[in-house]
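The values are calculated or read from the model by the stated rules, or taken from the named source; none is laboratory data. As the structure is a prediction and not an experimental result, all values here were calculated from the model. As a convention, Cβ positions derive from the backbone with ideal geometry for all residues, glycine included, and neighbour counts pool all protein chains shown. These area figures cover heavy atoms from the full protein model, side chains too; ligands, DNA and RNA do not enter into them. Shrake-Rupley method; radii C 1.70, N 1.55, O 1.52, S 1.80 Å.
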Amino acid sequence: MAPPGRGRNEANDEEPQNHPQDILNVTPLNSMPYVGPPLSHPSNAPSPAVGDTRPAESSGPAMVFLPSHPEEEEWDKIVAATKWGVGLTGSAAMGKVGPTVGLVDIGECEDSYMFRVSLPGVASDENDFSFNIEPDGKVVIKGVTTTGERIVCKHSQIFEMQTQNMCPPGHFSVTFHLPGPVDKTQLSASFGIDGVLQGVVKKRK
């Protein structure tokens, strides 16, 4: 006869062990509108102590949400504070699924910078599109997207769109900084039929 309280298998009567589990840092399945590389550090990393002189660990890619649209001067300061960040406004910042307006690649060689900006569905007409580069390397692109409408009129026919995954229609701006000052008089740029604005500009000596 089993002793009182010992009617079950002894292995099942052992007290459960509370082993702490490691927190996994995984990339989200849906990364919209963030499409950058996976984060490489734990999100629960402790903050440096007061007086700690060790270099601060990089926090990786991030997003800034503003409660209201800032004035142009304030917006310039925000973008400049990100060092190599890219600022989007208008329809480019609405984060809909589909080709994204404002994706930027920047390259550098000994005497020049190169940049490529994705502008799918953007009107290339001079009245609707402007592109400017300043001596300090600040690039500002403004324009109008013509895709994403609910109703499309083509060849005397009216189409009611069943899906709307393209960038929504409307005005937008893209702002970013090249790594250093430039000689804007030595700029070569083209806006191809593939919807990519590409430019090469000489560094300022």
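Using 20 Å as the cut-off for backbone N distance, which residues of the stretch 133-151 belong to the label zone defined by a point 7 Å from the Cα of HIS171 along Cα→Cβ?
It comes to 133, 139-149, nothing else.
Structure shown: which of LYS184/LYS205; LYS77/LYS138; LYS77/LYS205; LYS142/LYS205; LYS138/LYS203 lie over 21 Å apart, alpha-carbon to alpha-carbon?
Check vs 21 Å cut-off fails for LYS77/LYS205; LYS142/LYS205.
Return one whole number: the accessible area per residue of the stretch 93-191 in Å², for a 1.4 Å probe.
Ligands and nucleic acids excluded, the result is 59 Å² per residue.
Apply the Karplus curve 6.51 cos²θ - 1.76 cosθ + 1.60, θ = phi - 60°, to the phi angles in the stretch 169-176 and return the couplings in whole Hz, x for Gly and Pro.
x, x, 6, 8, 9, 10, 10, 7
Tell me, what is the percent relative contact order of the stretch 100-205, built from C-alpha pairs under 8 Å that lie six or more residues apart?
For the stretch 100-205, the relative contact order is 31 percent.
Would you mind calculating the gained length between LYS184 and MET114 on full extension (0.36 nm times residue separation, minus the Cα-Cα distance), in nm to one decimal?
Result for the pair: 23.9 nm of gain on full extension.
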